[in-house]
Amino acid sequence: MARFYLPNPEIEDGRLRITGPEVRHIRRVLRLKEGDELILFDGQEKEYRGIIIDQGTRSVYLRIEEILSIQKESPLEITLAQSLLKGEKMDYLIQKATELGVKKIIPFFSSRSIPLLDKSKRLNRHHRWQKIAIEASKQCGRAKIPEIIPSLDFSEMLQSASPQSLRLILWEKEKRRLKNFLKELRMLKEIFFVVGPEGGFSEEEIENSKKGGFIPISLGERILRAETASLCLMSILQYEWGDIG
Ligand code: SAM
């Protein structure tokens, strides 16, 4: 059944009014009609199953058949801080990290990030990434949308990590390997990990992150593309302590 996203749905007497961009999607793209059934989710773990009873150019009305509380979020809260990547790589990463259950994504500028966006472009990109996270959540059945933070500078990004989280920074030159490191840890609830740009981190950035309580970690001898490194670590963490597998 088709799923649509509507934050703060308006409900009165068992009728739910859909407004905004999903109206076009329902009417024009999927051409749903009165009597058709659909699912709406509000991004806060609530789903509404309903039947279309009326529609106009700006609104679609549903009769609610069922309201469900959906618990599909991983017990592991992962924040991925990713140095800005070129072109569509960032879009790809946001889509895949959403499927893998990321809680928050923080794009940031580092000394070797290539796309130096001006302010208006930063805003456009941020809207675009939010849309990608919404679409990926719809597609994979997530009831909560991951939060995409507007791009931060490197030091702001480091400071945004909560002190109770395990803070990792992926660095291909590090001796400490993830496999050995994980063996020493007990179950975790919150992880904040940082991945560099195509050109990697500078030594100075690694030093600054260490001062901020981050632990550098290597994923092995091969140098992975930044998006591969992010998705590889996310998959391992969700398998070890989260909800994959
Ligand atoms: N500095 C490198 C270079 O230009 O040859 C490579 C950077 S790599 C393409 C991009 C990012 O992915 C790195 O900054 C790091 O965060 C992560 N990464 C890639 N391979 C890794 C590995 N084997 N171990 C840990 N992190 C890795």
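All of the numbers you see were taken from the coordinates with simple rules; none came from a lab. Predicted model, so just to flag it, every value in this text is computed and none were measured. Note: ideal-geometry Cβ built from the backbone for every residue, glycine included; neighbour counts use all protein chains shown.
Observations, loosely collected:
- Scoring 142-154, 12-24 by mean Cβ neighbours within 10 Å over their residues and listing the highest first yields 142-154, 12-24.
- Think of the range 77-241 as a dipole: +1 on every Lys or Arg Cβ, -1 on every Asp or Glu Cβ, centred on the Cα centre; then among Ser162, Leu237, Phe193, Leu237 lies furthest on the positive end.
- When each of Lys103/Lys175; Lys104/Lys189; Lys179/Lys210; Lys72/Lys173; Lys89/Lys179; Lys189/Lys211 is checked by Cα-Cα distance, pairs over 25 Å: Lys103/Lys175; Lys72/Lys173; Lys89/Lys179
- The range 1-76: projected area of the alpha-carbon convex hull, averaged over directions, in nm²: 5.2 nm²
- The local environment of Arg177, defined by Cβ-Cβ distances under 14 Å, has a net charge of +2 under the rule Lys, Arg +1 and Asp, Glu -1.
- Sorted from longest to shortest, the spans of the Cα atoms of the range 62-153 along the three principal axes equal 51, 30, 18 Å.
- Of all beta bridges that DSSP places with both ends in the chain, some 45 percent have antiparallel geometry.
- The range 114-159 - Rg and Dmax from Cα coordinates, angstrom: 12.8, 34
- Size descriptor, Kirkwood hydrodynamic radius, that averages inverse alpha-carbon separations across the range 102-245, Å: 16.3 Å
- Rg/Rg_ref, the chain, where Rg_ref = 2.2 N^0.38 Å and atoms are Cα: 1.15
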